[in-house]
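*Asks:* A single structure is presented below for examination.
The values are calculated or read from the model by the stated rules, or taken from the named source; none is laboratory data. Here the structure is a predicted model, which means the values were calculated and not measured. Using ideal geometry, Cβ is built from the backbone for each residue, glycine included, and neighbour counts are taken over all protein chains shown. For accessibility, only protein heavy atoms count, side chains too; no ligands or nucleic acids. Shrake-Rupley method; radii C 1.70, N 1.55, O 1.52, S 1.80 Å.
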Amino acid sequence: MTTMHSNPTAGHAGPRTQAGPAARRFGYLVAITVNAVLLFLINRSPGWESLSVLTPSTAEVIGIVNASILASVIANLVYLVWDADWLRALGDAATTTIGLAALVQIWQVWPVEFDAGTPWDLLARWVIGIGIFGSAIGIVAALVKLVRSLSASPSSPAGSSPWTSPRHRA
């Protein structure tokens, strides 16, 4: 039995397209805004202390969590000025590494406490564990992208070489 598709390309992956510079810059602005709001909400009074599931040991991880969020803000600010492939790959590796450190610290301290008899503690551990695993993969992927970008021709369309001035990009 065969199935007819009205779309002749259904089931076939088309060419992978990358968002244009304007769309990427808009994304950077959204990321900066969201992260700045998070930093404000976490650190204002009462901030994180107002969440009943967080224990006083949250103070032990708040520094690395703040560092992770701030690193993302800084990276996205840099991308607004210079949007090169190699630079984004380097930034992704750096921010993901800091995020991984934050997740490991959260796992070790475990500053959350849920009501007894609920599955939330186990679910939260799974989410953090998946985040740690995904971050490790993300770091490797970013480093591979960095190496590929650095080995690309300086005349590539994305201007991915670190030796090319942002003014001379295509």
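*Asks:* Does region 130-154 hold any residues that are open to solvent by 30 Å² or more (accessible area, probe 1.4 Å), part of a helix (DSSP H, G or I) and of a type in the set (S, T, N, Q), and which are they?
*Replies:* Hit for region 130-154 is Ser151, nothing else.
*Asks:* Okay, next question. Quickly run through region 96-116 and pick out the residues that are open to solvent by 30 Å² or more (accessible area, probe 1.4 Å) and part of a helix (DSSP H, G or I).
*Replies:* The answer is Thr96, Thr97, Ile98, Leu100, Ala101, Leu103, Val104, Gln105, Ile106, Trp107, Gln108, Val109.
*Asks:* Determine which single condition Val127 fails, assuming it passes every other condition in (1) of a type in the set (Val, Ile, Thr); (2) part of a loop (DSSP other than H, G, I, E, B); (3) under 22 Å from the mean Cα position of the chain (by Cα).
*Replies:* (2)
*Asks:* Can Arg125 be described as open to solvent by less than 40 Å² (accessible area, probe 1.4 Å) and either among the charged types (D, E, K, R) or at pLDDT below 95 (or both)?
*Replies:* Here the answer is no, as Arg125 does not meet what is asked.
*Asks:* On the basis of being within 14 Å of the chain's Cα centre (by Cα) and in contact (Cβ under 8 Å) with a residue 40 or more places away in the chain, does Ala142 make the cut?
*Replies:* yes
The rows are residues; the columns are (1) closer than 29 Å to Gly20 by Cα; (2) open to solvent by less than 30 Å² (accessible area, probe 1.4 Å).
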| position | (1), (2) |
| --- | --- |
| Pro56 | no, no |
| Val61 | no, yes |
| Ala71 | yes, yes |
| Leu77 | yes, no |
| Ala93 | yes, yes |
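*Asks:* If Tyr28 satisfies all but one of (1) at pLDDT 95 or above; (2) closer than 30 Å to Asp121 by Cβ; (3) of a type outside the set (Gly, Ala, Ser), what's the number of the condition it fails?
*Replies:* Among (1) at pLDDT 95 or above; (2) closer than 30 Å to Asp121 by Cβ; (3) of a type outside the set (Gly, Ala, Ser), the lone unmet condition for Tyr28 is (2).
*Asks:* Report yes if some residue within region 34-43 is part of a helix (DSSP H, G or I), at pLDDT 95 or above and touching a Leu at 6+ places or on another chain (Cβ under 9 Å); otherwise report no.
*Replies:* So far as region 34-43 goes, yes, one or more of its residues are part of a helix (DSSP H, G or I), at pLDDT 95 or above and touching a Leu at 6+ places or on another chain (Cβ under 9 Å).
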